[in-house]
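Written out below as structure tokens is the structure these notes cover.
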Amino acid sequence: MDETKTLDPITVQVVRNALISAANEMTETVIRTALNPGLSEMLDFSADLYNAEGDLIAEGKGAVMFMGTVSFGIKNVIEHVGRENINEGDVFVAAYSYFAGSHHPDVLVFKPIFLDGELFGHAAVKAHWLGITPSFGYGGPFTNMFQEGLILPGIKLVKKGVLDQEIVDIICYNSAFPEIAVGDMTAVLAACDAGERGLLALAEKYGGETLAEAITTTLDNDERTMRRIIADDIPDGEYYAEGGLDDNGIGDEPLKVCMTVTVKGDQMTFDTSGSSPQQQAPKNCPYPSTVAVCRLVAKMLLDPHTRATEGHWRPVTVTAPEGSMYNPLPPTPSMLYGWTAGPLGECIFKALSEAIPDKIVARSGGDICGAPIFEAVNPRDCRPFMCIPGQGPVGHGASIEGDGGDAIIFFCMSGSESIPIEIVEEKYPVLIEKWGLRQDSGGAGKFRGGLGVQRRVKALTDGLVSGVVEQSKFPPWGLFGGKSGLANAQALWPGTEREDTSAKFGDVPFKTDEQHDLYTGGGGGWGDPHERDVDAVLTDVVKGYVSLDNARKDYGVAIREDDGEYTLDEAATKELRGN
């Protein structure tokens, strides 16, 4: 190590990016080897590197909400098993929401990494495994965590380099799709091995002490960056906003979502006090995931262009009363934690809209819109399957700078993607009959909210269908005079006498040629719609984003259509806008 005990900034940055490259290699390993398209195509996982204490040191590509919970999982598992019981070659698995956040199917696997006989770090992958939940999936009326599938509290999957076949058997015999479960487990183990190789290669190149100092310096630099931006860009004060959830996942009564953001000097505190108490139903968000969504929004607002490390979180404190919806206690269920977490993040944006309007966007569609989940036996190979056609992209909120993005993955799952139609149809007996932007879904404003999408899925065999759509009762709000976008919605058997527009259902018989429609929400608008440039409104109409009626009603713009040609009626527009 350098005798001055201080590394030059170039070496620090080279090491930082080499660590990120190693984490990215973990991500690519999962993508290349996983059998589940939810991992290989949708990237419903995170792959990252951590130091010996379980602090994030390098973020790979993947679902950022997962990444924000893994440090909790590593630390809780280590406390559970005892650090003295961790050996070189061990690999741990945890499918327990109160250790690693999320819900049980989001399984954490991590491999302790030893250097010269001492614990140096961890390579970790958190991924959504198929088939370890009950058959009715997300739509089930869960009232405790034991109904939600297999629980693994942090046990050794690999002991001193030897895979424990008894643990593998437990996983297989608790999975509806054991071959996929084993395949994905193997992919995750390979990714952890890749992370270990990458970290040890850097230790060999730079020396263990130099590598450790570079990591420490990186975390300290990220902390200073966050503290400086908080102190310089956000006025001290207490900022409040509230929203809601459609229901608790079983009943019909809405739940309350509250967020108070307190800024004092170079520190931020997020407080969920006032939100609904924990529910005897699946709409609960374990504390690690509550922290993760708050950290994610803080990072998006303050330092969006770098990969995260634990240093970014040091100035951020998250408070959630025990026994509340955002800090439930076992055995409270948490299957719908993601649908609970998202609106909390949106409330942070809303709370800070007056303090930092140049950094804030209006509300997005506000949901991952993963419906439908189709389960059946595939007539091609006579094997059971679970088909999730992928997340439904939503419209994002407009900002002071321009329109919101159309058809973008909800920010809580940023880093993941939609599954391509070709992959879904090749693997499963379903047909995607419609997939396009949802007209008029973006909220009107000086800057328009982004558009959601509409998707129709038809079954090509008999089976069961489940679906969960959140924020169907709470349209995405606009800011500073902007209007709300359309809310999320779904329909079973659309256009028939049986049409069912319930936002949540589970284990419903679904026959060949029957259809499911998904309508994802648009983003909220920004500013007075009558201030929108009339040519921009005309362009939106020509593209089919905005209808003629809504151009007149929302924007005060009159447009004539003649045989497919659209022209602006300037006189009528002036009258509508009162000019």
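The values are calculated or read from the model by the stated rules, or taken from the named source; none is laboratory data. The structure displayed is predicted, hence computed values, not measured ones. Neighbour counts are summed over all protein chains in view; Cβ atoms, including those assigned to glycine, are modelled from backbone coordinates with ideal geometry. Please note that ligands, DNA and RNA were not included when accessible areas were found on the heavy atoms of the full protein model with its side chains. Shrake-Rupley method; radii C 1.70, N 1.55, O 1.52, S 1.80 Å.
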(message) From the list His80, His103, exactly one residue is closer than 21 Å to Tyr287 by Cβ and either aromatic (Phe, Trp, Tyr) or part of a helix (DSSP H, G or I) (or both). Which is it?
(response) His80
(request) Can you give me the number of residues within the range 81-105 that are at pLDDT 95 or above, within 24 Å of Ser324 (Cα to Cα), of a type outside the set (A, V, I, L, M, F, W, C) and touching a strand residue (DSSP E or B) at 6+ places or on another chain (Cβ under 7 Å)? (result) 1
(request) Give the residue, chosen from Leu49, Leu39, that is in a helix (DSSP H, G or I) and open to solvent by less than 10 Å² (accessible area, probe 1.4 Å). (result) Leu39
(request) Evaluate the following for Lys359: is it over 13 Å from the mean Cα position of the chain (by Cα), charged (D, E, K, R) and surrounded by 22 or more Cβ atoms within 10 Å (Cβ to Cβ)? (result) no
(message) Quick check on Thr225: is it in contact with a strand residue (DSSP E or B) (Cβ under 8 Å, 6 or more places away or on another chain) and within 20 Å of Ile348 (Cβ to Cβ)?
(response) no
(message) Any residue at all in the range 175-186 that's touching a residue at least 12 places away in the same chain (Cβ under 8 Å), loosely packed, with under 15 Cβ neighbours inside 10 Å, within 28 Å of Phe92 (Cβ to Cβ) and not basic (Lys, Arg)?
(response) yes
(request) Could you please find all residues in the range 276-288 being more than 14 Å from Glu253 (Cβ to Cβ) and without any contact (Cβ under 8 Å) to a residue 60 or more places away in the chain? (result) Gln278, Asn284, Cys285
(message) I want to confirm something. Restricting to the range 137-162 and keeping residues that are hydrophobic (A, V, I, L, M, F, W, C) and surrounded by 15 or more Cβ atoms within 10 Å (Cβ to Cβ), which single residue is farthest from the chain's Cα centre (by Cα)?
(response) Val158
(request) Output yes when any residue across the range 329-343 is over 27 Å from Gly390 (Cβ atoms) and aromatic (Phe, Trp, Tyr), and no when none is. (result) no
(request) For Lys350, state whether it is of a type outside the set (Ser, Thr, Tyr), over 30 Å from Glu422 (Cβ atoms), open to solvent by 10 Å² or more (accessible area, probe 1.4 Å) and in contact with a strand residue (DSSP E or B) (Cβ under 6 Å, 6 or more places away or on another chain). (result) yes
(request) Considering only residues that are of a type in the set (D, E, K, R) and in a loop (DSSP other than H, G, I, E, B), look in the range 544-579 and name the one that is nearest to Gln454 (Cα to Cα). (result) Asp563
